[in-house]
Amino acid sequence: MSLTGTRTFVGFGFGAIQSGLFLYESFRSGAFGRLVVAEVLPDVVNAIRQADRHFTVNIAHTDRIEQARIGPIEIENPAEAADRERLIEAIAQAHELATAIPSVKYYVSNGPGSLDWVLAAGLRRKAARQGPPAVIYTAENNNHAAEILQEQVLAHIPAAERDSVLAKVRFLNTVIGKMSGIKTDPAEIAALQLARVVPGSDRAFLVETFNRILISKIAFEAGTFERGITVFEEKNNLLPFEEAKLYGHNATHALAAYLGARLGVQYIADLVTAPGAMAFLRQAFIQESGAALVQKYNGMDPLFTPAGYQAYADDLLARMTNPLLQDSVERVGRDPQRKLGWNDRLIGTIRLALGQGIEPARFAFGAAAALGELDPALLEPNAPLGAVLEPLWQPAVPNPAEQVQVIQLITAARLRLRQWLEAGSPNLA
């Protein structure tokens, strides 16, 4: 398969989601003639260029792993002046763009290669030339990534030009339930028979086959814009689905990781053989997260019904434990400080459930386990949890009464966690 279309795609960040979702779907759509990606790691840029500008991604099905070779792509380092100019020109010509970087905090960086500055320069050029209208998919797992990026880009555009720029672009939020990762362990790569990103690379991209991605409704005038990546599904109100992703999918995935860490298993898939673990996760997913979300968004979509959410949970639990993904407990559980944030997956799910009159005992158990990963001393009976959690909850300004309620719930869960561990981790269900 080759690039035969007439459209241009531009991506920022060359990780597993950019490669295994945006570039892959652009490539196989047949709609694009140019695939351009910005990457700040010089060794990665050089490796792709030396490999005839092609790369390989591994796609995990339930019964096999297949490889897809994608290219040619144009890979540019925005820190380099010549690369940056080519990138700005590609943005001016682009129809679809995607940011897939570790966090929204990296939209802004020091130096002229900052993502927000480069985007602003390209969009100004697009507007001045009356270039094609474009959408920007933001894939940073933040419910307001599109709004954050738009604000930061517009800060670099003179006020007199902003209307003409905004007439040419729409910033879109996304709900990306596609599990993915970068494998660097030679033993794992060999065991799964993965193709490396390029020959000789120390990395392999591994993504699941799932591609039902939700995006914000595109508000261009009818007939003026058509997506080349047609597999994505537009939603008039994306926020409920973002909450289902964060407080359902992400929260249960994190819960699985912290249970796995306490059980001493290496992979999420290993929980299938841990007595009661999958039943515990399913109960948390459906009876706590699901019950709260169904109650909050009842009737707005088939997902937010008891049957719809149960099907969603069962599908995700099966995908999370796909042994061909080799999704490690360490990877899923990394950065417990962030996952214990006031609005993030664990505390956010606890707060959501409490707000709907549901006691989230299992997610509180997971939050206690996450605190144990942060510092084992926090599992001691007299360790003050508030002194650790309250700084993690900034810069949010929690309601004092709600804050006390959450801390009390996690303190009680810590006792149950200790009892479970001291009893030899019996059947969780």
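Would you mind stating whether GLY308 is surrounded by fewer than 22 Cβ atoms within 10 Å (Cβ to Cβ), in a loop (DSSP other than H, G, I, E, B) and not hydroxyl-bearing (Ser, Thr, Tyr)?
no
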Checklist outcome for this item: Output for Cβ contacts, cut-off 7 Å, separation at least six or different chains, first residue outside the structural domain of ALA51 (by TED's automatic domain parsing) in region 183-202, second acidic (Asp, Glu), reads none
Item to check | Failed condition for TRP420, given (1) closer than 19 Å to LEU346 by Cα; (2) in a helix (DSSP H, G or I); (3) not basic (Lys, Arg) | outcome: (1)
Checklist entry - Quick one: would you say LEU354 is in a helix (DSSP H, G or I), without any contact (Cβ under 8 Å) to a residue 40 or more places away in the chain and either touching a helix residue (DSSP H, G or I) at 6+ places or on another chain (Cβ under 8 Å) or not assigned by TED's automatic domain parsing to the domain that holds GLN405 (or both)? => result no
Next on the checklist: Show me the helices (runs of 4 or more DSSP H) entirely contained within region 120-231 in which 1 or more residues are more than 27 Å from ILE88 (Cα to Cα), aliphatic (A, V, I, L, M) and within 26 Å of the chain's Cα centre (by Cα).
Outcome noted: 186-192
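The rows are residues; the columns are (1) in contact with a His (Cβ under 7 Å, 6 or more places away or on another chain); (2) crowded, with 18+ Cβ neighbours inside 10 Å; (3) within 17 Å of TYR258 (Cβ to Cβ); (4) not acidic (Asp, Glu).
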residue: LEU346; (1), (2), (3), (4): no, yes, yes, yes
residue: ALA353; (1), (2), (3), (4): no, yes, no, yes
residue: ILE358; (1), (2), (3), (4): no, no, no, yes
residue: ALA369; (1), (2), (3), (4): no, yes, yes, yes
residue: GLY386; (1), (2), (3), (4): no, no, no, yes
residue: ALA396; (1), (2), (3), (4): no, no, no, yes
residue: ALA401; (1), (2), (3), (4): no, no, no, yes
Item to check | Pick from region 403-419, criterion among the hydrophobic types (A, V, I, L, M, F, W, C) and in contact (Cβ under 8 Å) with a residue 12 or more places away in the chain, ranking: nearest to GLY260 (Cα to Cα) | outcome: LEU417
Next on the checklist: So PRO42 ticks every box in (1) in contact (Cβ under 8 Å) with a residue 60 or more places away in the chain; (2) farther than 22 Å from THR138 by Cα; (3) not β-branched (Val, Ile, Thr) but one. Which box is left unticked?
Outcome noted: (1)
Next on the checklist: Criterion first (surrounded by fewer than 22 Cβ atoms within 10 Å (Cβ to Cβ), under 28 Å from the mean Cα position of the chain (by Cα), part of a helix (DSSP H, G or I) and not small (Gly, Ala, Ser)) does GLU390 satisfy it?
Outcome noted: yes
Checklist entry - Any residue at all in region 109-116 that is assigned to a helix (DSSP H, G or I) and out of contact with any Pro (no Cβ under 8 Å at 6 or more places or on another chain)? => result yes
Checklist entry - Within region 271-300, restricting attention to residues that are assigned to a loop (DSSP other than H, G, I, E, B), at pLDDT 95 or above and in contact with a helix residue (DSSP H, G or I) (Cβ under 9 Å, 6 or more places away or on another chain), which residue is farthest from PRO360 (Cα to Cα)? => result ALA274
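Does any residue of region 95-115 turn out to be among the acidic types (Asp, Glu) and surrounded by fewer than 17 Cβ atoms within 10 Å (Cβ to Cβ)? Give the derivation first.
Let us first name the residues in region 95-115 that are among the acidic types (Asp, Glu), namely 96.
Applying the additional criterion that residues be surrounded by fewer than 17 Cβ atoms within 10 Å (Cβ to Cβ) yields none.
No, the conditions are met nowhere in region 95-115.
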Checklist entry - Out of ILE65, ILE59, ILE17, ILE75, which single residue is in the same structural domain as VAL175 (by TED's automatic domain parsing), more than 22 Å from the chain's Cα centre (by Cα) and either surrounded by fewer than 19 Cβ atoms within 10 Å (Cβ to Cβ) or not polar (S, T, N, Q) (or both)? => result ILE75
Checklist outcome for this item: In region 14-53, residues that are part of a strand (DSSP E or B) and within 22 Å of GLY113 (Cα to Cα) total 5
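Matching residues to (1) basic (Lys, Arg); (2) in contact with a helix residue (DSSP H, G or I) (Cβ under 8 Å, 6 or more places away or on another chain); (3) without any contact (Cβ under 8 Å) to a residue 40 or more places away in the chain:
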| residue | (1), (2), (3) |
| --- | --- |
| PRO78 | no, yes, no |
| GLU96 | no, yes, no |
| GLY113 | no, yes, no |
| ARG125 | yes, yes, yes |
| ALA145 | no, yes, no |
| ALA155 | no, yes, yes |
| ALA160 | no, no, yes |
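Rundown of residues vs (1) out of contact with any Asp or Glu (no Cβ under 7 Å at 6 or more places or on another chain); (2) surrounded by fewer than 20 Cβ atoms within 10 Å (Cβ to Cβ), yes/no style:
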position: LYS126; (1), (2): yes, no
position: PRO132; (1), (2): yes, yes
position: GLU140; (1), (2): yes, no
position: ALA146; (1), (2): yes, no
position: ALA160; (1), (2): yes, yes
position: ILE176; (1), (2): yes, no
position: GLY200; (1), (2): yes, yes
position: VAL207; (1), (2): yes, no
position: ASN211; (1), (2): no, yes
Checklist entry - Considering region 257-269 alone, what residues qualify as being part of a helix (DSSP H, G or I), in contact with a Pro (Cβ under 9 Å, 6 or more places away or on another chain) and surrounded by fewer than 24 Cβ atoms within 10 Å (Cβ to Cβ)? => result ALA269
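The values are calculated or read from the model by the stated rules, or taken from the named source; none is laboratory data. These numbers were taken from a predicted model, which means no experiment stands behind them. Using ideal geometry, Cβ is built from the backbone for each residue, glycine included, and neighbour counts are taken over all protein chains shown.
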